[in-house]
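Beneath this line is the structure, given in structure tokens, with notes to follow.
The values are calculated or read from the model by the stated rules, or taken from the named source; none is laboratory data. These figures come from a predicted structure and were not determined experimentally. For neighbour counting, all protein chains shown are included, and Cβ atoms are generated from backbone atoms with ideal geometry for every residue, glycine included. We work out accessible area using only protein heavy atoms, side chains counted, and drop any ligands, DNA or RNA first. Shrake-Rupley method; radii C 1.70, N 1.55, O 1.52, S 1.80 Å.
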Amino acid sequence: MESDLILVIVVVTALVFDFTNGFHDTANVVATSISTRAMSPRLAVGFAAILNFVGAFISLKVAATVAQGIVSATAVTTTIIFAGLVGAIAWNLVTWYFGLPSSSSHALIGGVVGATFVAAGASAVNGEGLVSKVVVPGLIAPTLAFVAAGLAILVAYRIVGRQRPGPVNRGFRAGQVASGGLLALAHGTNDAQKTMGVITLALIANGNLSSDPAKFHVPQWVVISAAAAIALGTYTGGWRIIRTMGSRIIKMDPAQGFSAQGAGAAVILASSHFGYPLSTTQVISGGVVGAGAARRLSAVRWGVAGNIAVAWVLTLPASAAIGGAVYGVSRIFGTGALGPVVVSVAILALTSAVFARRLQRGSPITAPQG
Amino acid sequence: MSTIVDTTTLLDLVGVSLVAAVGLTAAFSVAILGATRFSDLRRDGRGAEAAWFGVLTALALAACLGAIVYAIIEIQTK
């Protein structure tokens, strides 16, 4: 009975994380399209939400278990997963508040690493795995996308530079709808599967599903709920991050928007093909900066880009610290369900208080007009 | 270091990413160039030249469409 209660809490927390993942990462897909007026804000997030939902059903190979190869699989418990999810959700909300695009996957890994560290000690954390799966990809993703988008926009300007801007801009705007759609599909497939993996692992750990790899399957309700949560989050739209990505880093034209998105999609799909997972957020951010810098270095607001880089560096330690702290607080109340229940109630109370205060102070940030 | 960074995979990733990114953007830019020139030349009554740019546009768009289909297959199988 008590383990069932923890399971319910983990499932709900995983779906909340999935919602914040969609909410936080909407910008990756729609920011450049909105900025270049390829689509209206509401149409863009609606389009991205539908393709995120569809993307979640395209592939169900839940191979990417959370923090696999980074923490000891035998050390992970449902309470650790819960604490890791809370760490990731908290960091997603902090970076959203400051309008900074950061990796939800790295936040989740950080949260689980922090909770595992507190629960089982440093020996349960594989430092080499952390470097190879988070630190190195974190350096490669933005650099590669920066160069790819930079070269792409130079080629694009070379080809269409002498044409009338009207038809050229209309053409690139139409192209952005396709490249944005591809990104949304890829995002739905990759990121919704993370949540499906978390919930399925919790179901296996609780004995609801067989641990026999031959009988491994993801229940249909898990697929539908994960797809719905990420799509709903995407539709809600993290407008602060959309503004940063779409107009605060560079003021982009449709050719730059297409190059950033097209290069981003190429890098993400190539990384998927070679089994070298890169963060969608870091790839698209690098692409946006690259498309701006190739035209003119001073076109990039380097201060904003620097803030984003700082957020990336802080993602792992910050989410790990929160995940570790949440696990520590949960353990004060023993190994049962009481700890996660107390933490969940405290978070709900805190969130309600923040929203109530926000409502009293004025209207929240919503979709820009036009 | 080589156990932490798989250099061969990394180099493959860099090469394919750059070729795909530049290739896709170039193909789509050629499609836009072709469509713009097609429209301008046809308006000027230069049908033969316009037809050449029409073919160029169709080929470039076919290349882009092929890339999209390949990408969807890639998403599905990974």
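Confirm whether A:V113 is in contact (Cβ under 8 Å) with a residue 12 or more places away in the chain, away from chain B (no Cβ under 14 Å), open to solvent by 10 Å² or more (accessible area, probe 1.4 Å) and within 21 Å of the chain's Cα centre (by Cα).
Yes: the conditions hold for A:V113.
Within region A:123-154, can you find the residues that are of a type in the set (V, I, T), within 9 Å of chain B (Cβ to nearest Cβ) and surrounded by 19 or more Cβ atoms within 10 Å (Cβ to Cβ)?
Hits for region A:123-154 are A:I140, A:V147, A:I153.
Mind checking whether some residue in region A:14-37 is in a helix (DSSP H, G or I), of a type outside the set (S, T, N, Q) and over 26 Å from A:R240 (Cβ atoms)?
no
For region A:77-87, state whether one or more residues are surrounded by fewer than 23 Cβ atoms within 10 Å (Cβ to Cβ) and in a helix (DSSP H, G or I). Give the derivation first.
Here is the first cut: in region A:77-87, the residues surrounded by fewer than 23 Cβ atoms within 10 Å (Cβ to Cβ) are A:77-78.
Now drop any that are not in a helix (DSSP H, G or I), which leaves A:78.
Yes, that holds for at least one residue.
If I filter region A:270-298 down to residues being crowded, with 24+ Cβ neighbours inside 10 Å and more than 21 Å from A:I308 (Cα to Cα), which single residue comes out as farthest from the other protein chains (Cβ to nearest Cβ)?
Step by step, filter region A:270-298, then rank; the result is A:S271.
Restricting attention to region B:46-63, does a residue exist that is loosely packed, with under 13 Cβ neighbours inside 10 Å and either within 12 Å of chain A (Cβ to nearest Cβ) or within 18 Å of the chain's Cα centre (by Cα) (or both)?
For region B:46-63, residues loosely packed, with under 13 Cβ neighbours inside 10 Å and either within 12 Å of chain A (Cβ to nearest Cβ) or within 18 Å of the chain's Cα centre (by Cα) (or both): present.
Taking region A:112-152 as the region of interest, how many residues are touching a helix residue (DSSP H, G or I) at 6+ places or on another chain (Cβ under 7 Å) and among the hydroxyl-bearing types (S, T, Y)?
Residues that pass the stated criteria total 2.
Say we look at region A:229-256 and pick out the residues that are closer than 24 Å to A:G84 by Cβ and buried (at least 19 other Cβ atoms within 10 Å of the Cβ); which of these is modelled with the lowest pLDDT?
My answer is A:G238.
Looking only at region A:186-217, count how many residues are among the aliphatic types (A, V, I, L, M) and open to solvent by less than 20 Å² (accessible area, probe 1.4 Å). Outline the logic, then answer.
Here is the first cut: in region A:186-217, the ones among the aliphatic types (A, V, I, L, M) are A:186, A:192, A:196, A:198-199, A:201-205, A:209, A:214.
Next, only the ones that are open to solvent by less than 20 Å² (accessible area, probe 1.4 Å) stay: A:186, A:192, A:196, A:198-199, A:202-203.
The qualifying residues number 7.
Looking at (1) crowded, with 21+ Cβ neighbours inside 10 Å; (2) part of a loop (DSSP other than H, G, I, E, B), which is the one condition that is false for A:G334?
(1)
Of the residues A:V218, A:V222, which is part of a loop (DSSP other than H, G, I, E, B), at negative phi and among the β-branched types (V, I, T)?
Residue meeting the stated conditions: A:V218.
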